[in-house]
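Here's the structure, in structure tokens; my notes come after.
The values are calculated or read from the model by the stated rules, or taken from the named source; none is laboratory data. Not measured: the values here are computed from a predicted model. Please note: Cβ atoms are built from the backbone with ideal geometry, for glycine as well, and neighbour counts cover all protein chains shown. Please note that ligands, DNA and RNA were not included when accessible areas were found on the heavy atoms of the full protein model with its side chains. Shrake-Rupley method; radii C 1.70, N 1.55, O 1.52, S 1.80 Å.
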Amino acid sequence: MFTVGSRTASRAVCTTNGSQLLRRSTLQALAASNRARLLSTETRASAGSKGSSGNNSNNEVLKSGAIATDLDPENKTVSIEHKSQRFNIGDAFTNDSEPIETTLHYDYLVYAVGATVNTFGIPGIYEHASFLKEANDATAVRQKLFNQIEASRLLPKDSEDRKRLLSFVVCGGGPTGVELAAEIKDYIFQDLCKFIPGIENEMSVTLIEAQHNVLSMFHPRLIEYTKDVFKQQGLNLQTDTMVKKIDDKNVYATYRHPNGKTEDVVIPYGTLVWAGGNAQRELTKKLASKIVEQQTARRGLLVDDYLRLDGGDQIYALGDCTFTQNPPTAQVAHQQGVFLAEHFNKQSKIEDLKYEIDSTTEEAKLNKLNQRLKRLEKKDKPFEYIHQGALAYIGSERAVADLSWGDWSTVALGGTMTFFFWRSAYVTMLLGIRNKIFVVSDWLKVAIFGRDCSQE
Ligand SMILES: Cc1cc2nc3c(=O)[nH]c(=O)nc-3n(C[C@H](O)[C@H](O)[C@H](O)COP(=O)(O)OP(=O)(O)OC[C@H]3O[C@@H](n4cnc5c(N)ncnc54)[C@H](O)[C@@H]3O)c2cc1C
């Protein structure tokens, strides 16, 4: 069994209790990024520790830092490239700085490579904007912010360029954009101002959104609450503003007035982050192009109710790389991962039972086994997403929460108590005690000493 990607969805597949097929199989997980590498190590540990027979963990091969470059669904192979200097395949060990390329065979493929950033083909985004997708992106944004602040200090106070350099613009009013804008505003007002006095009066944070509202998936009351909090914080919210083009200094957009008239606007920026949603990765497009049933898959891979790739032989796809009726969130990806592990487990039991039925001649026993088989097959139900709610941090120790208990009850909350609820929910959802301790100790550090304001 081969999993491509080893973060949210893949990790849930690999670490869910009782994944018997995984226990019996050689599990190979490809993890492209550093962040994934961390998780891969844990994946190996937990998958190994849950193995039923002693030597199963030896079978598990993890290729951290390896990137899948191509897939051949017909011949069931994955081409991989590894750029790091140390690489292990079975007993062979290579120590070479050249990228290593190899092709591996799979029986089952779990495809969960996530998604990339959607730029909607808007010119200038790739060249000038920063993104917030991988852990490294956050460091890059922080570095850019510091560089712009430093540069602005060389210019006179009334200079337009100084004002521009101190303007932080976020495009995209979904949870990522809202949380980033709120965090940046907090950072400036709560911490940076202690190191650079007066910066809070000069810096501006602007959130641009094409639709009429930010956080459009939240209850209307919470949307209004978020707008109010942003207003109190002095965060510029520019809704109904569709970005058309970006150059090295400005965002060019069209603002739609309430009466429907449009106006061209230019928004200068020093730091710009694009948080415009998801698009398919190149590898996903490549895979889709090789399968007839995926030719219409524009927004993600098409899967059935058991997460089997339409037209793929023994390929399962889940998480952000797929297009289903569910939103592209960690909540969905995690539930899909757990579902898949349980599905494999049930399938494994079904296979065992079928084998037993084939080799049984005694009628009474055969009837019993057939009944058991029917029960098991009935239990192997399609994936059903259970929405547990949505949470977002909106700044100044306030959060919004749209919570649901089954289909019958929803609660919309906003405020400081919700912020504490958001934090506890966040910690609960983190995978592994190690991550929980790291995150809580980070929060404590920030609460006592403030955020780190030193330049890397
Ligand atoms: C800033 C931000 C905040 C978010 N906050 C929330 C939140 O609060 N709640 C929530 O529910 N969702 C949140 N999301 C969405 C959530 O992160 C995703 O929906 C979820 O991670 C999707 O899981 P996945 O396993 O499909 O993909 P990912 O978690 O993205 O994992 C994909 C993995 O595949 C690896 N990979 C990619 N290409 C290759 C390749 N060619 N070969 C090998 N490996 C590869 C990647 O490196 C990565 O490790 C947030 C997203 C962002 C960007």
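Being over 23 Å from VAL13 (Cα atoms), open to solvent by less than 90 Å² (accessible area, probe 1.4 Å) and of a type in the set (Gly, Ala, Ser) is a property that ALA330 lacks. Restricting attention to the range 319-333, the residues that are closer than 15 Å to THR176 by Cα and either outside any helix (DSSP H, G or I) or more than 6 Å from the ligand (Cβ to nearest atom) (or both) total 3. Within the range 272-301, count every residue that is away from the ligand (no atom under 16 Å from the Cβ) and either part of a loop (DSSP other than H, G, I, E, B) or of a type in the set (Val, Ile, Thr) (or both). Count: 5. Of all residues in the range 334-366, those satisfying the criterion of being open to solvent by 20 Å² or more (accessible area, probe 1.4 Å), of a type in the set (A, V, I, L, M, F, W, C) and away from the ligand (no atom under 16 Å from the Cβ) are ILE357, ALA364, LEU366. Filtering the range 128-149 to residues that are part of a helix (DSSP H, G or I) and either touching a Cys at 6+ places or on another chain (Cβ under 6 Å) or free of Cβ contacts under 8 Å to residues at least 40 places away in the same chain (or both) leaves ASP137, ALA138, ALA140, ASN147.
For GLY312, indicate whether it is at pLDDT below 95, touching a Gly at 6+ places or on another chain (Cβ under 7 Å) and at negative phi.
no
Find the residue count for the range 167-184, including only residues that are within 10 Å of the ligand (Cβ to nearest atom) and outside any helix (DSSP H, G or I). Reasoning before the result, please.
Going through the range 167-184, the residues within 10 Å of the ligand (Cβ to nearest atom) turn out to be 174-177, 179-180.
Add one more test, that the residue is outside any helix (DSSP H, G or I), and what stays is 174.
Looking only at that region, the number is 1.
Specify the residue that is nearest to the ligand (Cβ to nearest atom); the eligible residues are those in the range 124-166 that are out of contact with any strand residue (DSSP E or B) (no Cβ under 7 Å at 6 or more places or on another chain) and of a type in the set (Lys, Arg). Filtering first and then ranking leaves ARG142. Residues that are surrounded by fewer than 20 Cβ atoms within 10 Å (Cβ to Cβ) and more than 24 Å from the chain's Cα centre (by Cα) within the range 208-228 comprise HIS212, PRO220, ARG221, GLU224, LYS227, ASP228, listed in sequence order.
Could you tell me whether any residue of the range 400-414 is at pLDDT below 85, farther than 26 Å from GLN325 by Cα and outside any loop (DSSP other than H, G, I, E, B)? Please lay out each step first, then the result.
Kept after step one, since they are at pLDDT below 85, are these residues of the range 400-414: 403-414.
In the following step, the residues that additionally are farther than 26 Å from GLN325 by Cα were identified as 414.
Next, from what is left, pick out any that are outside any loop (DSSP other than H, G, I, E, B): 414.
Within the range 400-414 (the criterion being at pLDDT below 85, farther than 26 Å from GLN325 by Cα and outside any loop (DSSP other than H, G, I, E, B)), the answer is yes, since at least one residue qualifies.
When you look at ALA129, is it in the same structural domain as PRO268 (by TED's automatic domain parsing) and crowded, with 19+ Cβ neighbours inside 10 Å, yes or no? Yes.
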